[in-house]
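Here the structure comes first, spelled out in structure tokens, and everything after it is commentary.
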Amino acid sequence: MEKNRWFHFIYEYLVEKGVSEVNSAYLNTTLLFILMIALVLLIDYVAWKSIRSLSARVARSTKTNFDDMMVANRLPRHLAHVIPLLLAFELTPFVFYDFSYAENIAMKILYILWVVVILRIIRSFLHTLKDYLKTLPKFKDKPIASYIQVFMIFAWIAGIMTIIAIITDISFWKFFTGLGAASAVILLIFRDTILGFVASIQVSINDMVRIGDWITFEKYGADGDVIEITLATVKVQNFDKTITTIPTYALISDSFKNWRGMQSSGGRRMKRAVILKQQSIKFLTDQEVDSLKKIELVRPYLTDRQEKIKAHNTLKEVDKSSLINGRNLTNLGVFRKYIETYLEKHSAVNKDMTLMTRQLEPTPQGIPLEVYAFSSDKRWQNYEYIMADIFDHILAAVPYFGLEIYELPTSLKTEAIS
């Protein structure tokens, strides 16, 4: 009662001066309300300055950058709202002592502000935690933002439900259970969010994609580095510097290519073929073999094979008046051996990984001769240079073995033939 009388001093003073009780009550409440707002704002400002000053001193005295990130995400500023808000809770019943209806409305507004302040504190803390974890190598490539978004979605849903329960004077749990009938609508509204949440968990658990991975997703036209993984989307910066946005759940529902395995391995695969004319393939005579011995890379191979073939044919008394009889070398086989030896001696080819030159199934255009090897340098520009350098040499070497590259006839050649 003493406190109430103290808050009624303006009312009592006005009544003594002859002002009606109703007008005195209105004026008393209005002046007290203005004083309360001024006091709350002053306390809020002082609390903010004090907490900010304290945070700055703590940030300078510690080695970790977590406290710096708290300041950057305005966590101290939101915490400063707690003290004046608690003061407002204490003062409101006295300010609106003569108007219970207004007091009820004011308390509801304060409760709503309290919910908003708590949500903003949680959001600032989670964003600070996200920024801090991104500085740690262990979590740098993890989709931390997705989990924070999921938590904040549920937090905001709970906050909005609480606010509605405050406004309608319905118990939070009664309001929550009443939403059961609307669950189908809620699932429809948050379909993408739920799918994204499930997908982000599976992506993280199965380690399918990390920030920084190079992925190729033809369906969405993505070919570049993953720069962000959120609850709903995955952002890919393509090599032409454009940004492609992919739904997170598409990573588990559709097929895409992740190049991380190549980047973490010892080399990048080269898999390319040259197509040789079938008519240019032939057996080699002794004179042609002797001529090919001038090529240093195949000289030891030719010398060894020629001796073994001659010994075999002599032992079997093979009639060599026709080259098809007995064992023989072919220009295609020698060329294939030449490419293998060339690759084995190439400084940019990884010798510890698969290395071979293989003949593929004949086609109407000719015989594909494929190089299957791995470059030691995985950087795109250098990789392309290495592969071009290798095939420049291979294409230039083809005529030395009496072989020809298949090409579609040009119009001039067609006219000449006709």
Practice item. Name the one entry in Lys257, Lys271 that is within 24 Å of the chain's Cα centre (by Cα) and either surrounded by 15 or more Cβ atoms within 10 Å (Cβ to Cβ) or under 29 Å from Arg210 (Cβ atoms) (or both). Key: Lys257
Review point. Do the conditions hold for Gly212, that is, is it under 14 Å from the mean Cα position of the chain (by Cα), modelled with pLDDT under 75 and within 30 Å of Gln263 (Cα to Cα)?
Key: no
**Study point:** Selected residue (criterion: nearest to the chain's Cα centre (by Cα)) from residues of segment 70-117 that are aliphatic (A, V, I, L, M) and open to solvent by 60 Å² or more (accessible area, probe 1.4 Å)
**Key:** Ala72
Check your understanding: In segment 360-385, what residues are in contact (Cβ under 8 Å) with a residue 40 or more places away in the chain and either more than 29 Å from the chain's Cα centre (by Cα) or farther than 30 Å from Trp214 by Cβ (or both)?
Key -> Leu360, Pro362, Thr363, Gln365, Gly366, Ile367, Pro368, Leu369, Glu370, Val371, Tyr372, Ala373
Check your understanding: Could you list, in sequence order, the residues of segment 202-217 that are touching a residue at least 24 places away in the same chain (Cβ under 8 Å), out of contact with any Leu (no Cβ under 9 Å at 6 or more places or on another chain) and outside any strand (DSSP E or B)?
Key -> Ser204, Arg210, Ile211, Gly212, Asp213
Check your understanding: Here are some conditions: (1) open to solvent by 50 Å² or more (accessible area, probe 1.4 Å); (2) in a helix (DSSP H, G or I). Ile390 meets all but one. Which one does it not meet?
Key -> (1)
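Okay, residues lined up against (1) out of contact with any Asp or Glu (no Cβ under 9 Å at 6 or more places or on another chain); (2) polar (S, T, N, Q); (3) modelled with pLDDT of 75 or more; (4) open to solvent by less than 50 Å² (accessible area, probe 1.4 Å):
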position: Asp192; (1), (2), (3), (4): yes, no, no, no
position: Ala199; (1), (2), (3), (4): yes, no, yes, yes
position: Ile205; (1), (2), (3), (4): yes, no, no, no
position: Lys219; (1), (2), (3), (4): no, no, yes, no
position: Ala222; (1), (2), (3), (4): yes, no, yes, yes
position: Asp225; (1), (2), (3), (4): no, no, yes, no
position: Asn238; (1), (2), (3), (4): no, yes, yes, yes
position: Ile243; (1), (2), (3), (4): yes, no, yes, no
position: Leu251; (1), (2), (3), (4): yes, no, yes, yes
Practice item. Among residues belonging to segment 307-352 that are among the aromatic types (Phe, Trp, Tyr) and either over 17 Å from Lys293 (Cβ atoms) or touching a Phe, Trp or Tyr at 6+ places or on another chain (Cβ under 8 Å) (or both), point out the one that is surrounded by the fewest Cβ atoms within 10 Å (Cβ to Cβ). Key: Tyr338
Exercise for review: Among what's in segment 1-52 and is within 30 Å of Ala80 (Cα to Cα) and aromatic (Phe, Trp, Tyr), pick the residue that is modelled with the highest pLDDT.
Suggested key: Tyr45
Practice item. Identify the single condition in (1) touching a residue at least 40 places away in the same chain (Cβ under 8 Å); (2) not in a helix (DSSP H, G or I) that Ala88 does not satisfy, given that it satisfies every other one. Key: (2)
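The values are calculated or read from the model by the stated rules, or taken from the named source; none is laboratory data. Since the structure is predicted, the reported quantities are computational estimates derived from the model, not experimental observations. Positions of Cβ are backbone-derived with ideal geometry, glycine not excepted, and every protein chain shown enters the neighbour counts. SASA here: full protein model, heavy atoms, side chains in, ligands and nucleic acids out. Shrake-Rupley method; radii C 1.70, N 1.55, O 1.52, S 1.80 Å.
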